[in-house]
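Structure first, then comments.
The values are calculated or read from the model by the stated rules, or taken from the named source; none is laboratory data. None of these values were measured; they are calculated from a predicted model. When we count neighbours, we look across all protein chains shown, and the Cβ atoms used for this are built from the backbone with ideal geometry, even at glycine.
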């Protein structure tokens, strides 16, 4: 099945376009960062950043159209199997979530040694959480910065708020007060929780695996099956 | 076993009644929404909404009685195997939780392509959480709106409070202060946590599955079993 | 192994004593509730409650000694395999956690139909969380009630605080301020989180199981293995 | 593979050095505790504590160099397989996380009876969380103690803050306000969540295992497979 896929034009396009598109998404994120954070400097920088964002988005749109054509499917059918692609087209800040495809592509190309399963999940989900958190901090900071009664007034506050939100600690010392800030917050909670859940879940699984392997190495002395609690 | 079930009158009734009952529960939820949110408009709307709720509830009760009869079981035995049905009869706002049965029924009828297991769990549990959250936001808003010292004063606050409660973030910027508001909150915490736990858990499982399949495709070079951590 | 166990005097004692001890632990909890909550009524009631608690504790201690003797083991060895028993002897409010043993004993006696695995875990862990939460609310209320600057001033506040703590929502509208209140809170967080984690985890597993069984009933049309995501 | 490892000089060094290094890391932690908590006593104590910390760190560095040499690998390759070792070299307060290796080493030496898998994961992860929490409380207390507007003003506050952070309850009654305090907090959230996730996850798994074993002992009467929900 894998070999067949590599033969189709769509698969070839996806393999070739993945890395440039990832760089484009990083450029998009960087341009967005400049646009939001550079609100005190010359206006030209913000305009330049906006133009860059628009350019990157056009690249994303072109990629989507090319892939739709190459798939030979109708739009509604293509959307059903590639709904994640459509979502990241509308919300390019979510693009980091496609990181997992990039990883697969890179692996195929470089033929590298495979990292441990859990380490890869931790790295991927952790990286996704970091990129998503950065984008969320920017977006919330943009909404809250000038709102009356806001507690998120510096970008440092926004980063701190993102961290306590993604880990579900939620002290509540800084919280969004605007409607759009809260909508972004809810999106961030849902996406980020799943990613960080994957990180902590993988770590727990890895820990249990380490101990299980110990069990297999040495048969228990008292004839109980490994893993049986004593009480 | 499945074939036998489809032969019994009870199973036939359940298959036929499921979809109308689901629509009835949505109408109930809509009428409840009107009753709570339209507190500033003409009183006639609220009375109409209440009448609709009562009618829908009578439909639910009739369905329960029909199924009790068709099962040929005593009440206490029927309650033991259908306790969820009894709970949703008393608290019709929890009815969305029966969505899983509706899905099964629809699948049988339409003979559709099966979605991925994890996607289905995410969609079902996510949808359940959304419906439950909406009902909870309405109920809490109704209790808190006019309470002295309340922080949940608009319906937007109630929605925001539901989102931070279901994700267990719990900033505490808005919290229920009335006894009934808090009782509803506790019910929402318990039901919603389980649903959202299913969503994030499924996402994590899906992520691990994606990486595991990669492992199976390519044997590791260094002879270590797949998934073995290196340190 | 099971049959052998039933033959030893220790196993016979444990089977016979389990139910009376469970009632004793409920009496202990009730007496503690009276002692804490009846701080405004006649002093005789509180003294009576204290005497009851002492009596129940003597029963627990007697049971522990009997079992230590019947086991024929040294104290330090007995403690290693029965550390949970020693903990509940020192902190009788944690005794509800032994509920799982009671369940096993009752099952053996009555030879009842077995409930579904997940339902049993949910019921046991949920019941354990309720009993633990009640005990924790009493203990924290006792510490905080008269403390200067306390936010937990009524027993209702204490219950509300326990609920938002066990679900890890943690709004922070009411929090313990005394040292002992905080120590009890930490214990409650750790014990309760695990119990409620079992409840939500079981619910998620049950949900995934329901969908998995659907998969097994109907082979997918497009030849993909069940559970395979499409993107 | 295990036997081969035990033959190499690196494995022999690691087995011999593990226990002394663990004691060294406890001494480091104790010295750090003295340095932070003894801010009101004579300055000589703090200087002494600092010297001890430096000495311990030199021991850690020496161990790292010895192992790098014994492995015969280049630095970049060694770092890839021993990245955890490099992290604990830079942040010695994270050293308790290597506890899992110590456990393995001790087991090999003493040839003790194996504890239940879940009990071991709970003990290891719980101990790791305690040590990490202690180190985090010290570090945050050091940053916050003298900050203007700080809510963490006593070490008791810091401990309470660590507990509500690690369990993700996050009341928000005490929160770090300094930049470095918040950076430490984020590190603590991520590391600690994973450890405590392992504890609660193991407890849930153990609970499910206990009930599963009951299922296997007694076949259900009604022919349903064990674990099948009835509704």
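Out of A:118, A:124, report the one residue that is modelled with pLDDT under 75, surrounded by 20 or more Cβ atoms within 10 Å (Cβ to Cβ), within 13 Å of chain B (Cβ to nearest Cβ) and under 30 Å from residue A:161 (Cβ atoms).
A:118
Scan (1) at pLDDT below 70; (2) more than 7 Å from every other protein chain (Cβ to nearest Cβ); (3) surrounded by 22 or more Cβ atoms within 10 Å (Cβ to Cβ) for the single condition residue A:204 breaks and write down its number.
Failing condition for residue A:204: (2).
Considering only segment B:151-162, state which residues are surrounded by 19 or more Cβ atoms within 10 Å (Cβ to Cβ) and either away from chain C (no Cβ under 12 Å) or at positive phi (or both).
B:157, B:158, B:159, B:160
Taking the criterion of being surrounded by fewer than 16 Cβ atoms within 10 Å (Cβ to Cβ), within 28 Å of residue A:171 (Cβ to Cβ) and either more than 12 Å from chain A (Cβ to nearest Cβ) or at pLDDT below 90 (or both), would at least one residue in segment D:130-147 satisfy it?
Yes, that holds for at least one residue.
State all residues of segment C:174-190 that are crowded, with 20+ Cβ neighbours inside 10 Å and at pLDDT below 90; if no residue qualifies, say none.
Those that are crowded, with 20+ Cβ neighbours inside 10 Å and at pLDDT below 90: C:188, C:189.
Cβ contacts < 8 Å: first residue outside the structural domain of residue D:39 (by TED's automatic domain parsing), restricted to segment D:138-150; second residue in a loop (DSSP other than H, G, I, E, B) and surrounded by 23 or more Cβ atoms within 10 Å (Cβ to Cβ), any location; separation 6+ or different chain. Result?
Filtered contacts from segment D:138-150: D:140/D:152; D:140/D:176; D:141/D:152; D:143/D:176; D:144/D:152; D:144/D:176; D:145/D:152; D:150/D:176.
Show me the helices (runs of 4 or more DSSP H) entirely contained within segment D:41-101 in which 2 or more residues are in contact with a helix residue (DSSP H, G or I) (Cβ under 7 Å, 6 or more places away or on another chain), at positive phi and more than 14 Å from chain B (Cβ to nearest Cβ).
Answer list for segment D:41-101: none.
Within segment D:166-187, work out how many residues are touching a residue at least 40 places away in the same chain (Cβ under 8 Å) and either more than 8 Å from chain A (Cβ to nearest Cβ) or in a loop (DSSP other than H, G, I, E, B) (or both).
Going through segment D:166-187 one residue at a time, the tally reaches 3.
So, of the residues in segment A:46-70 that are over 23 Å from the mean Cα position of the chain (by Cα) and surrounded by fewer than 14 Cβ atoms within 10 Å (Cβ to Cβ), which turns out to be farthest from residue A:158 (Cα to Cα)?
A:69
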